[in-house]
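Just so it is clear, none of the values below were taken in a lab; they were calculated from the coordinates. Please read all numbers here as calculations on a predicted model, not as lab measurements. Here Cβ is always computed from backbone atoms with ideal geometry, including for glycine, and neighbour counts include all displayed protein chains.
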């Protein structure tokens, strides 16, 4: 079945509202209206937010008189039609071809007459709000377009639209994208915090941070101006740090927790780990900073430990507290520590014969640390 | 020397150890007997010396140990630790020797010394640590082939030791074989009912053995010397070789006495050093801790508590260290068993294993007396490692496709075994499937070894999610077979398991190296 791309749709709406273009091609007998009313549904004892879409008016049947399909798309026009943005859907079923644009589709069946007149409002869809991802959170002006298509050819035989206001409590995809970009800037701040944990910013650390920014921050690729601005900001940060300016790790982490999902927080910690090992040695100061950041980013201890294991080879970590390297925490009982160490031993002893000499070295170091930790915590 | 025809053909077992090696043959009634070397010793040091004055002669054994102090650059020890490591090379007289070739020299010495005793070694089983992976096992077999031996199998050292124990002593119940050798440590737990042995699990550590204890003593010597003279004790390779031997002697003394008194002669002066057992035990405590963990891990894998173990069999020279035995007694609540010679039981068991292998594979070739002697012995071994394949499932949390290792044949599965799992093609129109056979316990592909890779061509024009049946089987001779089948088309790839990574040697290479070794005189 054919569906319209969002750009086509936007152009149609634009044309229609201006009273030009596509709308004029519609036959007078295809006068169709639609309405949207809120609907609340009880689902597993939870009130589910949604809308009921109804249509009224006349529809001319397709030439083959075969079945018809109603298609609904929703566009956020809060900032005007020229800046309209489509509603998205995370459900594959309600996505437009090859995109995440929301497109609800339902069979209307065979129209009884050549021109079918709907005298009363007929419900064509009940749309759950959680099927939709709007561009932004807050009060949104939404434009709902209902199209009636010939089932076989996909030809549009009637269409209508209406506006409605919706209070969106969820973060929009534009909000999310902005948060992601903002979190990346904050990630750089944390990376600097790790780099200067020993009061010295090494060239290789700075290079790594810059290179990460160039690859990951969208503004770097938008325009030369944006790029220059970002580079200037980075250089300014370096200059401030060299003057002894401190980074407020708790505040930065708290902001990241507010705006970034767990997966992005782990990516941020990963960047910090790469910076920590850039000089070839992870000092105790850097390791402790990483540990602090992980805790503040609400990355659980098991996850943090798994990441240190993956990204920080133990032989480059100058850490006095062996427990940190082998995943023993102060709140563990002796039995839990024993269980943890045995699990670690089982894992690393199977890696000592790895084809990669680097992994073999890492495994040999880990086995030594595990034995040391056993003496320290258990024996 | 008698000619080959007049010699008795023998079924043999070889313990190719890190520090010592030995060979045993089965006698006419299927009992294993150690064959002494040409110097009359039952154990041959696994040491090699390339004679500088006579380049056609390579000395192996005691003579090599003695020469090592004079010219350590032309001597090699502890080669077993490098088995399967493709990067390991010893360059002597502009020729690179690999770990496999060096091991072959030791095996050749054992074989030729056996010949002096009027035996012609025919079929042989070589023992390896239980934790040796496929690469190292194959490398060991290659070494045997280069030495001119017909290697009919490989046996895990603790299993070999237990085989010998169970055929010589009355053993019942859950038995833990504790094999602390010169360079490796293995634990095997088995269920023994008279002459029937079912292996439950094995665990091993390839960097834990007598030489690691020696190193600790050497560290004490060096530190004490430095404390007194503010100078280094060791300033040359020759001195290192000398003090390594001295450290080994001190370790052995400390197993008999509470202290060892020695005089050491360094460049800054000589001094009398007393090393007590307590000092030694303190120095080796990290290694003892490691042993403790491994025991616990083995018990966990066997789903047993220490109190459920009925007997501990000690194997390997380092098991003589008092603190090792004390720790075992403390952990299990009873003394470990030292019923047979801990240095020889692996070799003797390997010979029994050779007889059992021949009885299974080629019963007609087995002399009747030996067949009768072995007929009551039943051994069920396990798969020593996990084997899997690399696949790309969708992560349930993120919804993204991830690449991971999926284990098909789990470690400690009793042999013979066969396991099948179904996977699915990833994309529409997929015409090829990359097949990877892995060895390792991790789901993270970074940490597993890819031991073979192949490609399976698929029919065009099909949707995604077509089933691929993967079957792994492992036979009693520790040979693995992998079968990847596209269920719809019936197209399949049978992976004839060959090691094409490190440690691998092509047949032609093997022949060339065997040819070269034939021209070398080993004494």
### Task
Treat each spin label as a single point 7 Å out from the Cα along the C-beta direction, and report the residue A:361 to residue B:392 distance in nm.
3.2 nm
### Query
Across peptide B:200-206, how many C-beta atoms of other chains are within 10 Å of each residue C-beta, on average?
2
### Message
If Rh is defined by the Kirkwood formula over all Cα pairs and Rg also comes from Cα, what ratio Rg/Rh do you get for region A:248-317?
### Response
0.95
### Task
Within a 10 angstrom radius of each residue's Cβ in B:297-309, how many Cβ atoms of other chains show up on average? Whole number is fine.
1
### Query
Ordered by packing density, taken as the mean number of other Cβ atoms within 10 Å over each peptide's residues, highest first, how do B:213-225, A:356-368 rank?
B:213-225, A:356-368
### Query
Taking 0.36 nm per residue of separation and subtracting the Cα-Cα distance, what length does fully extending residue B:516 through residue B:483 add?
8.2 nm
### Message
Can you show me the helix-derived [θ] at 222 nm for chain A, built from DSSP H runs with n ≥ 4 at -39,500 (n - 2.57) apiece and divided by the number of residues, rounded to the nearest 500.
### Response
-14000 deg cm²/dmol
### Message
Please arrange A:272, A:204 by how many other C-beta atoms lie within 10 Å of their C-beta, fewest to most.
### Response
A:204, A:272
### Within chain B, helix-based [θ] at 222 nm, where runs of 4 or more DSSP H residues each add -39,500 (n - 2.57), nearest 500
-10000 deg cm²/dmol
### Task
Averaging sequence separations of C-alpha pairs under 8 Å and six or more residues apart, then dividing by the length of region B:387-490, give the relative contact order as a whole percent.
28 percent
### Task
Would you mind checking the tilt of helix A:301-311 against the longest principal axis of the Cα atoms of chain A, expressed as 0 to 90 degrees and rounded to 10?
80 degrees
#### Entry: Cα centroid separation, region B:128-167 to region B:333-402 (Å)
10 Å
### Query
Using the alpha-carbon atoms, what tilt in degrees (0 to 90, nearest 10) does helix A:284-296 show relative to the longest principal axis of chain A?
30 degrees
## Note on the structure
Within 10 Å of the Cβ of an average residue in B:281-294, the count of other chain Cβ atoms is 5
### Task
Determine, from the Cβ-Cβ distance of residue B:303 and residue A:236 and an R0 of 51 Å, the FRET efficiency 1/(1 + (r/R0)^6), rounded to the nearest 0.05.
0.25
### Task
Mind giving me the FRET efficiency for residue A:225 and residue A:331? R0 is 60 Å, r the Cβ-Cβ distance, nearest 0.05 is fine.
0.75
### Task
Measure nothing but the geometry: give the 0 to 90° angle between the long axis through the Cα atoms of B:322-332 and the longest principal axis through the Cα atoms of chain B, rounded to 10°.
40 degrees
## Note on the structure
Averaged over all viewing directions, the convex hull of the alpha carbons in the protein assembly as shown casts a projected area in nm² of 50.2 nm²
#### Entry: For region B:387-490: rounded, prolate or oblate by the Cα gyration tensor [a/c cutoff 1.5]
oblate
### Burial ordering of B:276, A:283, B:389, B:398, fewest other beta-carbon atoms within 10 Å first
B:398, B:276, A:283, B:389
### Query
Between residue A:378 and residue A:320, what FRET efficiency comes out of the Förster formula 1/(1 + (r/R0)^6) with R0 = 30 Å and r the beta carbon distance, rounded to 0.05?
0.95
### Task
Would you calculate the separation in nanometres between label points at residue A:97 and residue A:33, each defined as 7 Å from the Cα along the Cα-to-beta-carbon direction?
3.4 nm
### Summary
chain B: antiparallel bridges as % of DSSP beta bridges, rounded to 5, reads 75 percent
### Query
What is the order of B:387, A:173, fewest Cβ neighbours within 10 Å to most?
A:173, B:387
## Note on the structure
Output ordering of B:328-334, B:129-135, B:91-97 (per-residue mean of other Cβ within 10 Å, highest first) is B:129-135, B:328-334, B:91-97
### Task
Would you mind putting B:424-437, A:187-200, B:104-117 in packing order, based on average other-beta-carbon counts within 10 Å, highest first?
B:104-117, A:187-200, B:424-437
### Simple label model, 7 Å out from Cα along Cβ direction - residue A:288 to residue B:257, nm
4.9 nm
### Query
Where a ≥ b ≥ c are the square roots of the eigenvalues of the C-alpha gyration tensor, would you call region A:174-320 rounded, which needs a/c under 1.5, or, failing that, prolate if a/b is larger than b/c, or oblate?
oblate
